[in-house]
Amino acid sequence: MDTIFALASAQGKAGVAVIRLSGPHAHSAAAGLTGSPLPTRGMRVRSLYAADGARLDDGLVLTFQAPASFTGEDVAELQIHGSTASVDAVMRCLSDMDGLRLAEPGEFTRRALENGKMDLTQVEGLADLIDAETEAQRKQAQTILSGDLGALAERWRRDLIRAASLLEAVIDFADEDVPMDVTPEVKSLITAVMADLQREADGVKIAERIRTGFEVAIVGLPNAGKSTLLNALAGREAAITSEYAGTTRDVIEVRMDLAGLPVTLLDTAGLRETEDHVESLGIELARKRADSADLRVFLTDSPKDLGVQMLNGDIQVLPKSDLRDPSEGGISGKTGQGIDQLISQISDVLSNRTTSSGIATRERHRVALISAREALNSAIAVLESGPDLYDIAAEELRTAIRALEILVGRIGVEDLLDEIFSSFCLGK
């Protein structure tokens, strides 16, 4: 394979910049910059020189020998001073070397996948970790990156291979000393895997929300203080506020971190009957976003006045507590009264929902899990017909096994790889 290189640290001025190389010429290229041999594994402080002998920089050179590296190939990393000029100078020298080229987005990680250092779920976990903004997202990504989902899929796969082998032993070696009634053990293996698959599939929706973020819609009548409340929660002037009803005509979104969870707050248009065409469009959009939101905060005395159904877990608070008798309670974006309690309520509701999340985090995972479960359900049905149809049951088991192999990227995912790796930076 080609030897590739890229800046692995962020663009721009920094204390240290890291340039990564991977491939058969990685060590020789790094040695060429230093002008002296390097160990196949280890670290050295070296001066780096251009081909004409001009000094480029001083840096730390790390070498990793295949297969004990991130990509599974020979790898070198150059840790130099993080000035734009220093990085550009070293990158120019590398690009002038024979057999080296600039890496494509995600190519280092793709090589790790192709060399068996990671499975596809771990690749997705790494992408999620890079994008993680909250503590919950970090923990979730670390779980996937550590290989927990791949290990679970491998355990299911082993159990199904065991079940299939029992059936095939009866088919192929009927005259040998093989127990004829393998149905109880096969059923036990299949039903245990089916229960696990269903549990993980059911938890994908919440797990995906942790990854992409929960939506919390603030709904209420016009001039109920929704935009003022949004600004108070966001800690900035995210929405225009005025004393005139109907100021908000679009959905305004603010991304926040609530108790480690990613949350997007939605300020929606006030819900009322109106002849204003533009406002009516905003109201219709508000209803749609409120219906699809994970949680709704009803800023109203009576939710029935809004025409949006209040679901289990939704929160109702009385608006404009600054204009009410203190005994009534409520919330006020102007004075801050009730803000902390509302944040706590939202956090508690969403945190309680995350307890049902599984390890699988993406729709792709859910589709593979459901596909495997459906095949196993068919296998169970065929088993009821007796040994004459064991060959069909065994084929259904193989279908389930293939679905699990798709889950971890062993087969059938070539069309997904370009899309997945395009989201990575050049140095990853």
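The values are calculated or read from the model by the stated rules, or taken from the named source; none is laboratory data. Predicted, not measured: the structure shown is a model, and the values here were computed from it. Here the Cβ is made from the backbone with ideal geometry for all residues, glycine too, and neighbour counts use every protein chain on show.
Miscellaneous remarks
- Here T109, T71 are screened, and the one residue that is within 27 Å of G147 (Cα to Cα), at pLDDT below 95 and among the β-branched types (V, I, T) is T109.
- Matching residues in the stretch 2-24 - criterion: being assigned to a strand (DSSP E or B) and surrounded by 13 or more Cβ atoms within 10 Å (Cβ to Cβ): T3, I4, F5, A6, L7, A14, A17, V18, I19, R20, L21, S22
- Residues of the stretch 290-315 satisfying the condition of being assigned to a helix (DSSP H, G or I) and buried (at least 18 other Cβ atoms within 10 Å of the Cβ): A290, L306
- Annotation: D340 fulfils all but one of (1) in a helix (DSSP H, G or I); (2) within 25 Å of E284 (Cβ to Cβ); the unmet one is (2).
- Qualifying residue in the stretch 42-63 (condition: surrounded by 21 or more Cβ atoms within 10 Å (Cβ to Cβ) and under 34 Å from the mean Cα position of the chain (by Cα)): yes
- Number of positions in the stretch 41-52 that are within 19 Å of A85 (Cβ to Cβ), assigned to a loop (DSSP other than H, G, I, E, B) and not aliphatic (A, V, I, L, M): 1
- Residue list for the stretch 363-377, filter: closer than 19 Å to W156 by Cα and either crowded, with 17+ Cβ neighbours inside 10 Å or touching a residue at least 60 places away in the same chain (Cβ under 8 Å) (or both): R364, H365, R366, A368, L369, I370, S371, A372, R373, A375, L376, N377
- Residue match in the stretch 386-394 (condition: among the small types (G, A, S), modelled with pLDDT under 90 and either assigned by TED's automatic domain parsing to the domain that holds R158 or not in a helix (DSSP H, G or I) (or both)): yes
- When we screen L62, L94, L102 for residues that are within 11 Å of A29 (Cβ to Cβ), in the same structural domain as S22 (by TED's automatic domain parsing) and among the aliphatic types (A, V, I, L, M), the only hit is L94.
- Of all the residues in the stretch 25-40, those that are without any contact (Cβ under 8 Å) to a residue 60 or more places away in the chain and in a loop (DSSP other than H, G, I, E, B) number 6.
- All helices (runs of 4 or more DSSP H) inside the stretch 61-169 with 2 or more residues being under 30 Å from V45 (Cα atoms): 84-95, 107-114, 120-131
- When S344, S378 are checked against the criterion of being in the same structural domain as M194 (by TED's automatic domain parsing) and either at pLDDT 90 or above or more than 19 Å from S188 (Cβ to Cβ) (or both), S378 stands alone in meeting it.
- Conditions (1) at pLDDT 75 or above; (2) farther than 30 Å from A368 by Cα; (3) outside any strand (DSSP E or B); (4) not basic (K, R): number failed by D257: (3)
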